[in-house]
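Colleague: After the structure tokens below, expect a handful of questions from me.
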Amino acid sequence: MKKVKVAKTIERFIRKHGLDSDVIIYFSNKRWIYDSSGHKTIEENVKASDYFKWANNDTISMSFEGALNSALNMYNGYELFDKFNALDFDGYYFEMGNSWNGAFYK
């Protein structure tokens, strides 16, 4: 249940700040895909490690392009990056893998 809570925290953040385009959140063998218009699709039986090297199948992983990529790479300043890092991830912390992905660790 903890993973769902963290995924929903991420989802609320990206929707609130208009960053929900081209984002994928992986957890519990699922992925929540937000397409270029922010529409969400849920797929089952998916492992993040099948898609990028730095994935963490035991927790939550993300891949992102567009606005979230810019925010987490601080291309437009630190404001959204700082807000993202200030979120309550229920004991997890986020670490970038490449400029377009990252994973959560305990």
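Colleague: Sort S37, S63 so that the residue with the fewest other Cβ atoms within 10 Å of its own Cβ comes first and the one with the most comes last. List each step's numbers first, then the result.
Modeller: Values: S37 8, S63 23.
So the ranking, lowest neighbour count to highest, is S37, S63.
Colleague: Here's a follow-up. Would you compute, from DSSP H runs of 4+ residues alone, the mean residue ellipticity of the chain at 222 nm, taking -39500 (n - 2.57) per run and dividing by the full residue count, rounded to the nearest 500?
Modeller: Values: 3 runs with 29 residues, N = 106.
Rounded to the nearest 500, it is -8000 deg cm²/dmol.
Colleague: Right, next: Quick one: Kirkwood hydrodynamic radius for the stretch 61-106, alpha-carbon pairs, angstrom, one decimal?
Modeller: Numbers: mean 1/r = 0.0924 Å⁻¹.
Taking the inverse mean of 1/r over all distinct Cα pairs, the stretch 61-106 comes out at 10.8 Å.
Colleague: Turning to a different aspect of this structure: Report the calculated FRET efficiency for M74 and M1 (r = Cβ-Cβ distance, R0 = 30 Å), to the nearest 0.05.
Modeller: Values: r = 32 Å, r/R0 = 1.06.
It comes out at approximately 0.40.
Colleague: Still on this structure: Go from 0 up to the bin containing the longest alpha carbon distance in the chain, width 5 Å each, and give me the % of pairs per bin.
Modeller: 2, 13, 26, 29, 21, 7, 1, 0
Colleague: Right, something else. Which entries of K30/K83; K30/K53; K8/K53; K16/K47; K8/K83 show an alpha-carbon separation above 20 angstrom in the structure shown?
Modeller: Too far apart for the 20 Å limit: K30/K83; K8/K53; K16/K47.
Colleague: Then there is this: Need the full-extension length gain, E43 to N57, defined as separation in residues times 0.36 nm minus the C-alpha distance. One decimal, nm. Could you put the intermediate results ahead of the total?
Modeller: Numbers: separation 14, 0.36 × 14 = 5.04 nm, distance 1.51 nm.
Separation in residues times 0.36 nm, less the Cα-Cα distance, equals 3.5 nm.
Here, each number is a calculation from the coordinates, and none is a lab measurement. Model, not experiment: these values are computed from the prediction. Glycine gets a Cβ as well: all are built from the backbone with ideal geometry, and neighbour counts include every protein chain shown.
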